[in-house]
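First the structure, in the form of structure tokens, and then the observations on it.
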Amino acid sequence: MESSHIDGTSSFGRFFLPGPTEVHPEVLSAQDQAVIGHRGPAIKELVGELQDGLRDLFCTENPVVISTSSATGLMEAAVRNGARSRVLSLVNGAFSQRFGEIAEACGFEVETIEVEWGQTITADQLRERLAQGGFDAVTVVHSETSTGALNPISELSEVVQEQDDVLLLVDSVTGVGGAEVRTDEWALDFVLTGSQKAMALPPGLAFGVASDRLMARSAEAPRKGVYFDLVTFRKQLDNLQTPNTPAVSLFYALAKQLDRIRLEGLQARWDRHQAMSDRCVQWVDMMREQQGVALSVLAPEGFRSPTVTCVALPEGTAGPSVVSAMRERGFTIGGGYGKLKETAFRVGHMGDHTVSELDAVLDALGEVLS
Ligand SMILES: *Cc1c(COP(=O)(O)O)cnc(C)c1O
């Protein structure tokens, strides 16, 4: 990677992977502070400050667990603490499939509702399956990073609420910080994200909020292990600390980023992400209608993630060649994920990116594809 990127000086606006995301120089350099111990007044002050910002970000009154792990750690925590025996896994891409596989690996019985990649799960599909009974938790991915599809989480949550004792576990890794997420209002039982996606921090932290219902399950969960025990996390959080040594340098970056998010305003941040998604869609339409290049956005209108767009390529154009032609022009974009590798590419437009930076990427893509 170019050294100017590492200095954080001149190259911001060239790195558009759908995670990890480009980190703003101000956030990157906030890490350059003395390491402190994880017991005592200094860490309490820092964690207290982080809690205020994180609660606002998740739209919750509950404490926000900070895990020194990647997001996968809290996916595992979600099922280990929140499931009893039978999990319904909603699958519409690679990450949602992985969520179900994690539940299986943790010893739970897993059934799936699977739809085509790019599509989303409907309330009716979920209602019908839950009516058959026997499930105690549902896993879902909010923004499916492999396809750019956005599941209607608040509607799915309403359906789950119709059941007596079923919990909804939400991976919002490319949602929180870029897409509207209202943890309490939508009655979500567990919402998790990782630091390196829409929050645009360096990788290494994950964040999660648990409902009271989930915490009651956790207190009785037999297979939750040690590192991801949410009861322990919450007990330590009551005292503004973490169960074990946290990545404190990343906490400094987080504090800076939460300040920046507060200054921008959450609604403005959501709007900025939506504007970037809309811009990608406009560009795809323009390429098709004016340049005759048969591109299409994989996810249907109304169900597109504000943080990542997956663009399907015309036959005969290989995804990896688009990615490498962009690299030659100094831009990093995402390839198609898994089975979409050859037929699509992805642009991550999240974190601190703006429409004008995105325009430069789209201009270069236009040259590559014309
Ligand atoms: C990136 C991603 C993950 C995995 O995150 P890690 O931090 O690599 O563990 C899970 N779910 C979604 C939707 C993602 O985008």
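None of the figures in this text is laboratory data; all of them are computed from the coordinates on show. Note that the structure is a prediction, hence the values are computed from the model and not measured. Heads up, the Cβs are rebuilt from the backbone with ideal geometry, glycines too, and the neighbour counts pull from every protein chain shown.
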Number of Lys pairs (Cα under 17 Å; 8 or more positions apart or on different chains) in the chain: 4
List the residues of the stretch 330-345 whose backbone N lies under 17 Å from a point placed 7 Å from the Cα of Glu315 along the Cα-to-Cβ direction. 342-344
What number, in nm² with one decimal, is the all-direction average of the projected area of the convex hull of the alpha-carbon atoms of the chain? 17.6 nm²
Quick check: residue separation of Asp124 and Lys44 times 0.36 nm, minus the Cα distance between them. What number comes out in nm? 24.2 nm
Relative contact order for the chain: what percent, with Cα pairs under 8 Å and sequence separation of 6 or more? 23 percent
Using Cα centres only, tell me the gap between the stretch 324-360 and the stretch 67-136 in whole Å. 28 Å
Could you tell me the calculated FRET efficiency between Arg223 and Glu367, based on Cβ-Cβ distance and R0 = 35 angstrom, to the nearest 0.05? 0.10
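So for the stretch 269-312, averaging the separation of alpha carbon pairs under 8 Å that are six or more residues apart and normalising by length, what relative contact order in percent results?
That works out to 44 percent.
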Could you work out the per residue convex hull volume over the alpha carbons of the stretch 159-201, in cubic angstrom? 63 Å³
Rounded to the nearest 5, the percent of DSSP beta bridges in the chain running antiparallel is 50 percent
